[in-house]
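The values are calculated or read from the model by the stated rules, or taken from the named source; none is laboratory data. Quantities reported herein were computed from a predicted structural model and do not represent experimental measurements. Methodologically, a virtual Cβ is constructed for each residue, glycine included, from the backbone with ideal geometry; neighbour enumeration extends over all protein chains shown.
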Ligand code: NCD
């Protein structure tokens with residue numbers, strides 16, 4: 001079940017959950033038109049709208065929505081007037097605001113995953129507060145995606161069986177990332193991708209998306225679309241200015257392109273516009289981005305209303321995992337021939353079936369895992385073993401008088417899936433242990449994304465969820481292959 005906070009499109013698990021919000025927002029439209037909500041809302045506390053990154057529409061519509069609902073609120077634009085400017089951690093800042101009576105926090109920031117992190121931490125320390133994400137870096141803009149879907153639903157009368165063309169900066173545009181994940185929950189939606197200058201949709205968003213056509217700057221692909229969603233190139237998110245210079249050529253969707261499309265096509269844009277749409281069609285009735293922005297008020301009225309009237313805590317505890325999958329203990333005398341090599345040491349741990357060359361990374365990994373690397377670790381490189389490992393070559397690590405915890409061994413299994421941990425307690429026995437790789441890794445590796453909240457807030461710990469061999473950061477939601485975590 002969704003909590004009263006709202007962080008990411010990835011939290012939605014069904015179209016039903018999305019529709020509940022769209023229906024609620026639709027009912028708010030008449031109230032938004034009348035510029036006030038007709039009932040008093042029972043909500044103890046104030047709303048803080050903090051927009052650390054620039055915003056006109058999102059900040060303005062949240063502020064308008066709070067006003068129409070008759071709730072007390074404060075807007076802070078930028079960080080100039082706050083202690084965040086003095087490098088205060090976002091969590092410390094929010095705890096102070098909680099003490100000042102704020103019970104709902106609406107945030108826009110360049111720091112990815114901030115909203116989820118803050119809501120979780122506040123709940124953990126007994127200061128539960130609803131947090132609404134108004135856009136975090138290039139990660140998510142869930143409230144925008146919801147108002148986009150509301151607009152499509154009201155215009156087409158359905159959220160199925162249509163083709164949507166998504167155009168522009170698909171790589172860095174957070175509105176695209178959120179919208180795409182919501183679209184996946186509905187059936188019969190075809191997606192046409194038209195990126196500018198190779199700013200392609202990242203791999204992690206593609207799974208489950210019905211992409212029917214894709215072509216760089218190819219506006220002709222849009223002729224089959226019922227909805228066109230244009231976006232600007234996200235200049236401020238380019239790490240190297242030169243990369244922006246390379247793509248900043250002007251891609252203009254103009255009268256000619258629009259007239260080649262279906263007669264009933266609707267053209268949307270989250271705004272701000274740069275040059276991707278020509279001036280002569282800005283006010284064409286097929287271009288409905290102002291309607292979209294207006295729907296943003298009703299949508300945000302409902303999202304605030306929902307959080308104010310039904311505070312629902314988050315579910316953050318992870319289930320305990322059974323790390324050990326088998327334990328095979330053999331008495332000394334019955335030792336099998338193949339254990340001869342393992343018995344090269346009398347007491348300690350032998351890590352067997354490591355991938356070849358992996359041994360060179362093991363010390364770095366042990367440092368992260370807190371494994372003692374002082375007692376000697378003797379590497380055996382490229383040992384032939386045609387029976388147990390594909391490719392017939394493996395590394396082995398002999399750890400004399402050294403033992404590792406179940407948690408560390410299980411994490412090791414993420415890098416060495418065939419790993420067998422041989423524990424030799426020194427009494428002549430060998431305990432062979434296989435571990436199931438954990439599905440959550442907390443606090444071991446730093447997130448490689450420098451703008452992830454876990455690299456910004458001094459209290460934050462990293463948290464990766466392992467999915468298909470990739471580590472997905474719970475906060476910034478980016479995915480990394482396991483080796484890239486090692487030397488970060
Ligand atoms: C978008 C954003 O901030 O991500 N704007 C908005 O909120 N309507 C789009 C953009 O900045 O390009």
Filter the strands (runs of 3 or more DSSP E) completely within the range 183-236 down to those with at least 2 residues that are away from the ligand (no atom under 16 Å from the Cβ), surrounded by 15 or more Cβ atoms within 10 Å (Cβ to Cβ) and under 23 Å from the mean Cα position of the chain (by Cα). 189-195
Tally, over the range 147-182, of residues that are in a loop (DSSP other than H, G, I, E, B), within 15 Å of the chain's Cα centre (by Cα) and surrounded by fewer than 24 Cβ atoms within 10 Å (Cβ to Cβ): 2
Restricting attention to the range 65-74, does a residue exist that is within 16 Å of the ligand (Cβ to nearest atom) and touching a helix residue (DSSP H, G or I) at 6+ places or on another chain (Cβ under 8 Å)? yes
Sole residue being within 16 Å of the ligand (Cβ to nearest atom), touching a residue at least 40 places away in the same chain (Cβ under 8 Å), surrounded by fewer than 21 Cβ atoms within 10 Å (Cβ to Cβ) and within 26 Å of the chain's Cα centre (by Cα), chosen from 15, 55: 55
Is it the case, given these coordinates, that residue 134 is within 15 Å of the ligand (Cβ to nearest atom), outside any loop (DSSP other than H, G, I, E, B) and surrounded by fewer than 20 Cβ atoms within 10 Å (Cβ to Cβ)? no
Residues of the range 203-226 being within 22 Å of residue 160 (Cβ to Cβ) and touching a residue at least 60 places away in the same chain (Cβ under 8 Å), which ones? 224, 225, 226
Do we find a residue being in contact with a strand residue (DSSP E or B) (Cβ under 7 Å, 6 or more places away or on another chain), within 16 Å of the ligand (Cβ to nearest atom), over 18 Å from residue 43 (Cβ atoms) and modelled with pLDDT of 95 or more anywhere in the range 86-106? no
Answer from 479, 467 - the residue that is closer than 24 Å to residue 11 by Cβ, loosely packed, with under 14 Cβ neighbours inside 10 Å and in contact with a strand residue (DSSP E or B) (Cβ under 9 Å, 6 or more places away or on another chain): 467
